[in-house]
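Please treat every number below as a calculation from the coordinates, not as lab data. Here the structure is a predicted model, which means the values were calculated and not measured. A quick note on method: Cβ atoms are made from the backbone with ideal geometry, for glycine too, and the neighbour counts reach across all protein chains shown.
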Amino acid sequence: MDVPALAGRSVSVILAGQSESGAYVASPALEEYRYSWLRDGAFVADAMSRVGKTASAEAFFGWCSEVVLARAERVEELIARHRSGEVIADGEHLPCRFTTEGEEVGVPWSDFQLDGYGLWLWALDAHERRHGTRLDGAAAGAALTERYLAEFWAEPCFDWWEERRGVHAATLGCVQAGLAARGRPEAAAVREALHELVEPPLDGSLLCLAEPFDLVDPTALLDRIEAGLLSPGGGVHRRPADTYYGGGEWLLLTCLLGWCRLRAGREDGARAALRWTAEHATPEGDLPEQARDHLLAPGWYETWSARWGPPASPLMWSHAMFLTLAAELGEA
Ligand code: BGC
């Protein structure tokens, strides 16, 4: 499938994966992914907004606002307890994913992830600017999310991959983008904290700091990622020693790499990343979570596929990043 056809197909796949509530499922194909993550959803809504599918993006933002507002009392109580010096346990925080009806999934161990809360505020603001609109229906939930982040941004939480607990550079980048979008003064402190992190561990999620958040020099970051996480064929791994499904190349990260290359003035490299991603579509035009051209830990592929079946496909977040890169390159 060529790039414009695959971009069109991506829009259809995303619309099919959006529930009436406005939530996007991470992937309809895998039981464990039939939930709506704020992180995945924010990038999906941002992509849909870029390609003019405003109703879809706005339905998602409205849903985000509702899920946060439904927890308003809890948020106010957490803020009050935190201000009085109490330590808040991970399981008490707002979760990283919900059912499409906005219920909690109830697997608390890695559920505390702040990045998605920053990301939806960032995507909402970008959407409003792009289309010169103001979403009144999302305003109250956005204001509450902003208060939650302003209070808790420095807390250690789980990373993009839901594996490691700590203060992560990519998470800080997403949170600062959300706070900055809302004009909150705490955004400056988050930026400072980010720049104080000494050499964050090598991780594909760092790419977001260059694009879309413009917080670091894209060239230096690309050098590091390309030296340590680029597979021989051109796909991007999540991190060294990744074992999830054998640690293949993630399509969404490859598109993010392409976007950073574009920012660094390397348009040919950006198009190569787009082509690599298109080449990994299934014959029907679905984009999976990861490819297995080059596995970092091959033995683990069977372990995971015996447990859950093949890697999630289609993954909405892969389709979203493909659409975004294609749009940035004028190919969608
Ligand atoms: C990834 C998360 C993602 C989730 C749903 C997990 O395997 O590590 O980043 O949000 O899948 O796509």
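Considering all C-alpha pairs of the chain, those separated by over 33 Å amount to 20%. Computed on segment 135-251, the Cα convex hull volume stands at 129 Å³ per residue. To the nearest ten degrees, helix 316-328 and the longest principal axis of the Cα atoms of the chain are 80 degrees apart. Across segment 9-66, the mean sequence separation of Cα contacts (distance under 8 Å, 6 or more residues apart), normalised by length, yields a relative contact order of 32 percent.
Can you give the relative contact order of segment 35-200 as a percent, counting alpha carbon pairs under 8 Å and 6+ residues apart?
25
Can you find, among Pro232, Gly132, Trp304, the residue sitting farthest towards the positive end of the charge dipole of the chain, where Lys and Arg contribute +1 and Asp and Glu -1 at Cβ? Highest projection toward the positive end goes to Gly132. Among Asp2, Asp159, Asp293, the order by Cβ neighbours within 10 angstrom, fewest to most, reads Asp2, Asp293, Asp159.
In the calculated pair-distance distribution of segment 35-200, the portion above 25 angstrom amounts to 26 percent of the Cα-Cα pairs.
Comparing Cα centroids, segment 155-177 and segment 43-108 end up 16 angstrom apart. When you restrict to C-alpha pairs under 8 Å that are six or more residues apart and normalise by the size of the chain, the relative contact order lands at 21 percent. Compute the helix-to-body angle for 136-152: its Cα long axis versus the longest principal axis of the chain, expressed 0 to 90° and rounded to tens. Roughly 80 degrees between the two axes.
Shown in residue order for segment 70-83 are the 3J(HN,Hα) couplings computed by the Karplus curve 6.51 cos²θ - 1.76 cosθ + 1.60 at θ = phi - 60°: 5, 10, 4, 4, 4, 4, 4, 5, 4, 4, 5, 5, 5, 5 Hz (x for Gly and Pro).
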